[in-house]
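**Student:** Here it is: the structure, laid out below.
The values are calculated or read from the model by the stated rules, or taken from the named source; none is laboratory data. Nothing here was measured: the structure is a model prediction, and the numbers come from that model. Positions of Cβ are generated from backbone atoms using ideal geometry, with glycine treated the same way; all protein chains shown enter the neighbour counts. Just the protein is used for accessible areas: all its heavy atoms, side chains included, with ligands, DNA and RNA removed. Shrake-Rupley method; radii C 1.70, N 1.55, O 1.52, S 1.80 Å.
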Amino acid sequence: MTEIAIIGGGPGGLTAAIALARRGVRTTVFERDAHPKSMPRFNPDRSYPIDLTGHGLKAVRHIDAVAHFDAAMTPFHGIKNRGRVFDPWPEPGWIGSRGDIMRALMSVVDERHLDMIDFVFDSEVRTVDVRTGEVAGRRFDLVVGADGAGSAVRAAMAEQVDGFTVQTSSVPNYGLLLELDQVGDELDKHYLNGLAFNPAALAAVIIDEDKPDGVRWLCMVGVGEPTTFNSPEDAAAWLRKHCPSLLELVSEQAIAEFSQRECHHLGRRLTCSHLYGGRVVLLGDAAAAFPPIGQGVNAAMESAIVLDKCLSAGPLETAAARYETAWKPEADAVSWIGEQLLFQKPWSGLRPMISFLFGAQAVGRAKSATSSYADAQRVARRLGPIKA
C-alpha cells in the first residue's frame, strides 16, 4: 500500500489529504500547530479575509465539499467599489479567514475520512531525506511539501537535489489590519468592499460567533512603505488624511488597536526551478509564494487537486514529473500576476479599472473558474502598463 506524508496541514495540505482519501490512499499529515478546532479563527495582526472563488472552487468541488463550505463560511457575491458592484461573482464562492477555511476542511475529514488520514499535530518537521522519503524516522513512498513560504521541505530539496534552485524577489507592498467595529448596515457582508484606492482599503468579514451578527469586519489597508504610528491620535490623523471614509466605520478602541499593529511586508515572491526531486513534491506556497492578490489559498488548493489527478493518472514513479508539467506553468503565472499590483503607486487605483474595461485585468481573470492562471497572464500582457 502506498504511504504518503503531507508536511503542513493548511488548506493545500488538507485538500490533498482529502482528495487522496477519496481514492482510498492513506496519508499522514504532519502539522506544526494544534488541531484547527482548538486554534483561533484569526490572527488579529494579519488575518486578511480570503475570498475562495474560481480555482479554490474547483478544488472544493473536486473533494465534494461545497455543502461544508456553505455551512462554515459566508457566501461571496463579488467585489464592490464604494458601494457599487464592480465585479460580480455568479458562481458558488465564500469569504472568511484561513481559520474558517480550515474548519470547513476539517468538517469534511471528520465526517468522511478519519480512517484514511492520520494527523500528527504539534509536530514541526525540520528536515526530510529527499532520496528515501524519510520523515520523523519513517519512510514514505512520497512526501508532499505543503509547509508554506518558509518550507523546510523546500530547504531540504535545496540542500539535497542537484540543480534545484530558488529565486526570490519582492515588491514594496505592505499591509495594515484595521477592524471595522461600527459598520452597522453600511457594508454588505457578501462582498469584498473596496473603500479607498490610494492607499488600497479592502474590507470583508470573517466568522466570529461571539459577535451579535456572527461576523467580524476586517479591513486590509495596503501601503507602499513600512508604516508605524506613535499613538492612536497619530493613527487617526493618518486615516483622516489617507482614508477618511474609514473613520465612520471604527471606534476609538479600534483605532487604538490599529495604531499598535505591525505593518507586514506582503510583497515577497519565490519561485522554484523544479517542483519535485527524489521522493518529494512541493505544492502551494512551498512551491511558489507570491504577493497577495486573493489567490494564495485558491492556488494552494488547486495545486493539491492537480497533484491528486497526476497521482491517479499513472505510476507513482512518474507522477511527480506529470505534476510539474501540469502545475509549474500555473505557479509561475500566478506568481508573475502577484507582482503586477503595487500599492500606493501612480495609477494604482485606475489601472485595474481601465484594464477591467479592456478585458485584460490580470487579478480579475485570475479568479476565473474556467481560465487558467497562464491564460490570465497571457491576456494581461497584451496591455502592458495597464495590465493590473
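**Student:** Which number in (1) under 19 Å from the mean Cα position of the chain (by Cα); (2) at negative phi; (3) buried (at least 24 other Cβ atoms within 10 Å of the Cβ) marks the one condition that Leu311 misses?
**Tutor:** So the condition that Leu311 fails would be (1).
**Student:** Kindly list, by first and then second residue, each pair from a residue in region 364-383 that is farther than 17 Å from Phe290 by Cα and open to solvent by less than 20 Å² (accessible area, probe 1.4 Å) to a residue that is at pLDDT below 80 and acidic (Asp, Glu), limited to pairs with Cβ atoms under 9 Å and residues at least 6 apart or on different chains.
**Tutor:** From region 364-383, no pairs qualify.
**Student:** Let me ask another. Which count do you get for residues in region 194-213 that are modelled with pLDDT under 95, within 13 Å of Leu249 (Cβ to Cβ) and either open to solvent by less than 20 Å² (accessible area, probe 1.4 Å) or small (Gly, Ala, Ser) (or both)?
**Tutor:** Looking only at that region, the number is 2.
**Student:** Let me ask something additional. Checking the condition in contact (Cβ under 8 Å) with a residue 60 or more places away in the chain, closer than 26 Å to Ala72 by Cβ and in a strand (DSSP E or B), which residue from Met220, Met301 passes? Talk me through it step by step, then tell me what you get.
**Tutor:** Details: Met301 fails: in a strand (DSSP E or B).
The conditions single out Met220.
**Student:** Out of everything in region 76-104 that is of a type outside the set (Phe, Trp, Tyr) and in contact with a Gly (Cβ under 7 Å, 6 or more places away or on another chain), what residue ends up being farthest from Gly194 (Cα to Cα)? Spell out how you get there, then give the answer.
**Tutor:** Applying the first criterion (of a type outside the set (Phe, Trp, Tyr)) to region 76-104 yields 77-85, 87-88, 90-93, 95-104.
Next, only the ones that are in contact with a Gly (Cβ under 7 Å, 6 or more places away or on another chain) stay: 79-82, 85, 87-88.
Numbers: Ile79: 7, Lys80: 6, Asn81: 5, Arg82: 6, Val85: 10, Asp87: 11, Pro88: 13 Å.
Among those that are of a type outside the set (Phe, Trp, Tyr) and in contact with a Gly (Cβ under 7 Å, 6 or more places away or on another chain), it is Pro88.
**Student:** Just for strands (runs of 3 or more DSSP E) wholly inside region 20-95: which have at least 2 residues that are in contact with a strand residue (DSSP E or B) (Cβ under 9 Å, 6 or more places away or on another chain), farther than 15 Å from Val297 by Cα and open to solvent by less than 10 Å² (accessible area, probe 1.4 Å)? Break it down stepwise before answering.
**Tutor:** Working: elements: 27-30, 50-52, 78-81, 84-88.
Counting at least 2 such residues, we get 27-30.
**Student:** Would you call Lys309 out of contact with any helix residue (DSSP H, G or I) (no Cβ under 9 Å at 6 or more places or on another chain), more than 25 Å from Pro49 (Cβ to Cβ) and at pLDDT 95 or above?
**Tutor:** It is false that Lys309 is out of contact with any helix residue (DSSP H, G or I) (no Cβ under 9 Å at 6 or more places or on another chain), more than 25 Å from Pro49 (Cβ to Cβ) and at pLDDT 95 or above.
**Student:** Also, quick follow-up: Only one of Arg240, Arg279 is open to solvent by 30 Å² or more (accessible area, probe 1.4 Å) and either touching a residue at least 60 places away in the same chain (Cβ under 8 Å) or in contact with an Asp or Glu (Cβ under 7 Å, 6 or more places away or on another chain) (or both); which? Before the answer, list the steps.
**Tutor:** Numbers: Arg240 fails: either touching a residue at least 60 places away in the same chain (Cβ under 8 Å) or in contact with an Asp or Glu (Cβ under 7 Å, 6 or more places away or on another chain) (or both).
That would be Arg279, the only listed residue that is open to solvent by 30 Å² or more (accessible area, probe 1.4 Å) and either touching a residue at least 60 places away in the same chain (Cβ under 8 Å) or in contact with an Asp or Glu (Cβ under 7 Å, 6 or more places away or on another chain) (or both).
Yes/no matrix, rows are residues, columns are (1) under 28 Å from Ser335 (Cβ atoms); (2) of a type in the set (Ser, Thr, Tyr); (3) touching a residue at least 40 places away in the same chain (Cβ under 8 Å):
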| position | (1), (2), (3) |
| --- | --- |
| Val153 | yes, no, yes |
| Ala156 | yes, no, yes |
| Gln160 | yes, no, yes |
| Gly163 | yes, no, yes |
| Gln167 | yes, no, yes |
| Val171 | yes, no, yes |
| Gly175 | yes, no, yes |
| Asp185 | no, no, no |
| Asp188 | no, no, yes |
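**Student:** While we're here: Just to be sure I understand, how many residues within region 219-260 are of a type outside the set (Gly, Ala, Ser) and touching a Lys or Arg at 6+ places or on another chain (Cβ under 8 Å)? Walk me through it before giving the result.
**Tutor:** Within region 219-260, the subset of a type outside the set (Gly, Ala, Ser) is 219-221, 223, 225-230, 232-234, 238-244, 246-250, 252-253, 255, 257-258, 260.
Remaining after also requiring touching a Lys or Arg at 6+ places or on another chain (Cβ under 8 Å): 247.
Going through region 219-260 one residue at a time, the tally reaches 1.
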